[in-house]
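A quick write-up on the structure given underneath.
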Amino acid sequence: MQRAEVLEIMNHVLDKRGRTRLSNEDQTTREANFRSLDFSEVALRIEAKIGRELVFDAATMRRIETIKDVLDFFETVTKS
Amino acid sequence: MLEVHLTFDVSKCIFCCRTWGLLLNPLIDKAAQIGKNVSFGHAVRIYGNVQIGDNCKIGDFCVIGHPSVHPSSAPLKLGAGANIRSHSILYEGSDIASYLETGHHVVIREGAKIGENLRIGNFSDIEGDCKIGDFVRMHGYVHVGRGASIGDFVWLFSLVTLMNDPLPPSHLSAPVAVGDMVTVCVNAQIMPGTSIGRGAFVASGAVASGVIPSSVVISGDQGEVRGPVKFLMHMESRTRHPWYKHFADSYPERVRQRIEAIGKEIEAESL
């Protein structure tokens with residue numbers, strides 16, 4: 001999945017919760033108010049869109065700190 | 001001017017103190033079967049239809065084997081090693097395995113079948129005819145409605161309510177079923193007849209209803225499925241769910257293999 005598509009899904013989830021859209025990839029997830037439940041929802045929406053379950057390495061997921069890391073993570077797992 | 005004369009009768013005072021002292025003694029029915037090394041606090045009441053295992057501690061003002069309002073001849077069986085803190089009331093007709101640990105002011109009604117090492121916090125209550133698995137953890141002010149079924153290693157945090165009347169008040173009953181290793185966070189409300197699949201995570205304040213699949217996260221007052229539980233991660237500490245991978249050390253070592261086996265089973269089911 002393209003990075004822009006992942007970003008759009010993330011923004012859609014934030015819109016739905018009435019929160020500010022993502023504007024800066026270097027923001028930490030905390031600064032962007034992107035919470036654990038949002039992360040899980042983005043994963044669900046991506047899985048629904050690509051029609052398969054995402055398989056990932058737990059260590060990679062644990063390295064996530066910024067919005068850029070989230071985009072990198074989903075970009076990678078949707079390609080693998 | 002009004003004069004008030006106060007008199008102090010020493011003999012009456014001594015009588016009162018003695019009476020109060022007697023009231024504080026445990027009142028134990030001779031028919032009760034009590035194991036070895038069981039200790040009783042002040043003013044405990046033990047009814048006759050009771051079997052208490054070894055090494056139990058019964059705190060002040062507890063009532064053990066309270067008569068049921070329903071016809072029941074089954075005794076209250078309280079397994080070994082229980083620690084019942086003050087002001088708790090356990091009704092007759094329940095079967096409770098070893099190492100029950102209650103907070104203060106806990107009520108367990110008749111007909112409950114409870115597994116090993118239930119820990120239940122202050123002011124929580126379990127209504128009748130419930131089935132509760134092993135190593136379940138309930139924090140304070142949890143209400144478990146009549147007939148609920150709860151699996152092993154379930155967590156119910158404070159103020160969680162498991163309801164059972166679909167049209168209150170009525171004689172209808174639609175108990176809740178909670179699968180193994182489910183986590184229900186603070187103040188979540190589980191509507192009557194809800195079935196929560198194994199390993200699911202109910203976020204704080206959620207209102208859950210219907211059939212909730214295994215290993216999903218739900219949140220909000222509509223009980224919306226937010227995603228798979230495996231993506232649930234505390235973003236700051238990067239601690240991930242399911243909890244058994246980072247929190248099994250809070251259980252006795254002898255059950256950790258069992259926790260891991262159930263956790264892996266649930267993960268396999270969700271694939």
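Work out the P(r) tail for chain A: percent of alpha carbon pairs separated by more than 15 Å, whole number.
51 percent
Relative to the longest principal axis of the C-alpha atoms of chain B, give the angle of the C-alpha long axis of helix B:10-24, reported between 0 and 90° and rounded to the nearest 10°.
Helix B:10-24 and the main axis of chain B meet at about 30 degrees.
For chain A, what is the relative contact order in percent, using Cα pairs closer than 8 Å and at least 6 residues apart in sequence?
Answer for chain A is 43 percent.
May I ask you to work out the translational diffusion coefficient for the stretch B:130-236 at 25 °C, viscosity 0.890 mPa s, via Stokes-Einstein with Rh from the Kirkwood sum over Cα pairs, reported in whole µm²/s?
183 µm²/s
Could you state the principal axis extents of the C-alpha atoms in chain B, from the largest down, to the nearest angstrom?
80, 55, 43
Tell me the label-point distance for the pair B:Phe247, A:Ser80, using the 7 Å Cα-to-Cβ offset, in nm and rounded to one decimal.
2.6 nm
Roughly how crowded by other chains is peptide B:214-227, in terms of the mean Cβ count from those chains within 10 Å of each of its Cβ atoms?
3
Determine ³J(HN,Hα), in whole Hz, for all residues of the stretch B:56-67 in sequence, where each value follows from phi through the Karplus function 6.51 cos²θ - 1.76 cosθ + 1.60 and θ = phi - 60°; x replaces Gly and Pro.
9, 10, 10, x, 4, 6, 7, 10, 10, x, 3, x
What relative contact order, as a whole-number percentage, does chain B give when Cα pairs under 8 Å and 6 or more residues apart are counted?
Reported relative contact order: 7 percent.
Given the rule -39500 (n - 2.57) for each run of at least 4 DSSP H residues, summed and divided by the residues of chain B, what is its mean residue ellipticity at 222 nm, to the nearest 500 deg cm²/dmol?
-4000 deg cm²/dmol
What area, in nm² and to one decimal, does the C-alpha convex hull of the stretch B:25-122 cast on average over all directions?
5.1 nm²
Which percent, to the nearest 5, of DSSP beta bridges fully inside the protein assembly as shown are antiparallel?
10 percent
Give the residue list of trypsin sites (Lys or Arg not before Pro) in the stretch A:31-80 that are DSSP loop and have at most 14 other beta-carbon atoms within 10 angstrom.
A:Arg52, A:Arg63
Skipping prolines and chain starts, which residues have an amide H placed within reach, meaning under 5 Å, of the one on B:Ile150, given they are 5 or more residues away or on another chain?
Distant-sequence amide H within range of B:Ile150: B:Lys131, B:Ile132, B:Gly133, B:Val178.
In degrees, nearest 10, range 0 to 90: what is the angle between the Cα axis of helix B:256-270 and the longest Cα principal axis of chain B?
40 degrees
Please list, in chain and number order, the residues 5+ apart from B:Val50 or on another chain whose amide H is under 5 Å from its amide H, with Hs placed from the backbone.
Here the answer is B:Gln33, B:Leu76, since their amide H atoms fall under 5 Å of that of B:Val50.
Ignoring the sites themselves, what is the longest stretch of chain B with no trypsin sites (Lys or Arg not before Pro) in a DSSP loop and at most 16 other beta-carbon atoms within 10 Å?
The longest such stretch corresponds to B:37-237.
Which FRET efficiency value, to the nearest 0.05, is calculated for B:Gln257 and A:Arg52 with the Förster distance at 22 angstrom and r the Cβ-Cβ distance?
In this case the efficiency is close to 0.10.
Can you tell me the dipole magnitude for the protein assembly as shown around its Cα centre, using point charges on the Cβ only (Lys, Arg +1; Asp, Glu -1), in Debye to the nearest 20?
For this selection, approximately 340 debye.
Among B:Lys30/B:Lys113; B:Lys77/B:Lys230; B:Lys113/B:Lys230; B:Lys30/B:Lys77; B:Lys57/B:Lys245; B:Lys57/B:Lys131, which pairs are too far apart, with a Cα-Cα distance over 28 Å?
Pairs exceeding the cut-off: B:Lys77/B:Lys230; B:Lys113/B:Lys230; B:Lys57/B:Lys245.
Provide, as a two-decimal number, the C-alpha radius of gyration of the protein assembly as shown over 2.2 N^0.38 Å, N being how many residues it has.
1.27
To the nearest Å, what is the center-to-center distance of the stretch A:1-72 and the stretch B:79-120, using C-alpha atoms only?
What the calculation gives is 44 Å, centre to centre.
So if we plug the beta-carbon distance of B:Ala268 and B:Ser39 into 1/(1 + (r/R0)^6) with R0 = 35 Å, what FRET efficiency do we get, rounded to 0.05?
Here the calculated transfer efficiency is 0.20.
No value in this document is a laboratory result; all are computed from the given coordinates. Values in this document were obtained by computation on a predicted structure and should not be read as measured data. Using ideal geometry, Cβ is built from the backbone for each residue, glycine included, and neighbour counts are taken over all protein chains shown.
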